[in-house]
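What follows is calculated from the coordinates using simple rules that are stated; it is not laboratory data. Quick caveat: nothing in here was measured; it's all calculated off a predicted structure. Positions of Cβ are generated from backbone atoms using ideal geometry, with glycine treated the same way; all protein chains shown enter the neighbour counts.
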Amino acid sequence: MATSKLFDLVLMACGSSVHRQSDSSRSVAMQDLDHQLKDLGFDKEKKEDGSCKYFLFPGDSNKVFWTQITVTPVGDSWQVTYARSENQVGLWKMYSVVTKIEVHVINKVNNLIVEITEQKSRTPGFLRRLCN
């Protein structure tokens, strides 16, 4: 809270016309995002420190390209992590190995929902389906 007031004082001293988003409008935006992510099938996980993450496991690697999507609020932005796991046969047993990871940082809720919807609908190519 003290850093927030300090930031506002610095902006006023510099004569900046930048306005910070109020805590109440930020919480309304987070509640709206919470509902939108739950509509897409995400599960919310709250940690002991009060932070939260949203997880989605869209399905089997033969049917969907991304096998895990994670959304983490970071300040006024969101970090979206896409991961693809595939089964690989070892000498004695089968392993689930992460073969691809992408991390995106998005600033607008609308862009976040559109991107997640697009990435969620991606399917693996013919050779990936055949080999996995």
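Please give the length that would be gained between F55 and V109 if that part of the chain were fully extended, namely 0.36 nm times their separation in residues minus their C-alpha to C-alpha distance (nm, one decimal).
17.8 nm is the gain from fully extending F55 to V109.
In the neighborhood of S51, defined by Cβ-to-Cβ distances under 12 Å, what is the net charge if each Lys or Arg adds +1 and each Asp or Glu adds -1?
Combined, the nearby Lys, Arg, Asp and Glu give +1.
Please give the FRET efficiency for D43 paired with T117, using the beta carbon to beta carbon distance and R0 = 22 Å, rounded to the nearest 0.05.
FRET efficiency, D43 to T117: 0.80.
For the pair Q68/A83, report the inter-label distance in nm, with labels modelled 7 Å from Cα in the Cβ direction.
Each label point is offset 7 Å from its Cα along the Cβ direction, giving 0.2 nm.
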